[in-house]
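The block underneath contains the structure these notes are about, expressed in structure tokens.
The values are calculated or read from the model by the stated rules, or taken from the named source; none is laboratory data. These numbers come from a predicted model, not from an experiment. Neighbour counts run over all protein chains shown; Cβ positions are idealised from the backbone, glycine included.
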Amino acid sequence: MPREREEPRVVIVERGSTLGAFLWGSLLGAGFALLVAPRTGAETRRLLRARSRELLDAAGDKADELRQLVSDGYERTKERVEEGLETARRAVDERRDAAHDAVDAGRAAVHSAREELERRLNESRATRSRVPHRAAEEADSE
């Protein structure tokens, strides 16, 4: 039997969260950068304050943009929903009107058929009441 070629196996071991390691690494890097910085402590603090204000302003601007995007999306969605509701209302109104028209047409047809039936019934009664008179007249004349 030919020997199957064994491929190396890779084992991945996960240990906790990588976010914690990232934060610790960031803090250590920032601390080291402060230690070897060519500026004085006062200059570094001033630069840090200025940079943090810039970042805070940028974050505020991005938050305002996000708020505006969400608001615009909400308004567009609201308009679409209102248009859909209006379309549905119109369709319901049209179908209700069509149903009323159909009921009215049915009532008119029933009324017309009833009048026609009553007219024929009256004609039939009139014809029947004349037939015995003719039979009596014919019997008298013989």
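In a helix (DSSP H, G or I), modelled with pLDDT of 95 or more and not acidic (Asp, Glu): is that true of Arg120 in this structure?
No.
Can you tell me which residue among Leu47, Leu69, Leu23, Leu27 is of a type in the set (A, V, I, L, M), out of contact with any helix residue (DSSP H, G or I) (no Cβ under 8 Å at 6 or more places or on another chain), at pLDDT 90 or above and surrounded by 10 or more Cβ atoms within 10 Å (Cβ to Cβ)?
Leu69
Residue check: is Ala59 under 30 Å from Ala30 (Cβ atoms), under 37 Å from the mean Cα position of the chain (by Cα) and among the hydrophobic types (A, V, I, L, M, F, W, C)?
Spelling it out, Ala59 is indeed under 30 Å from Ala30 (Cβ atoms), under 37 Å from the mean Cα position of the chain (by Cα) and among the hydrophobic types (A, V, I, L, M, F, W, C).
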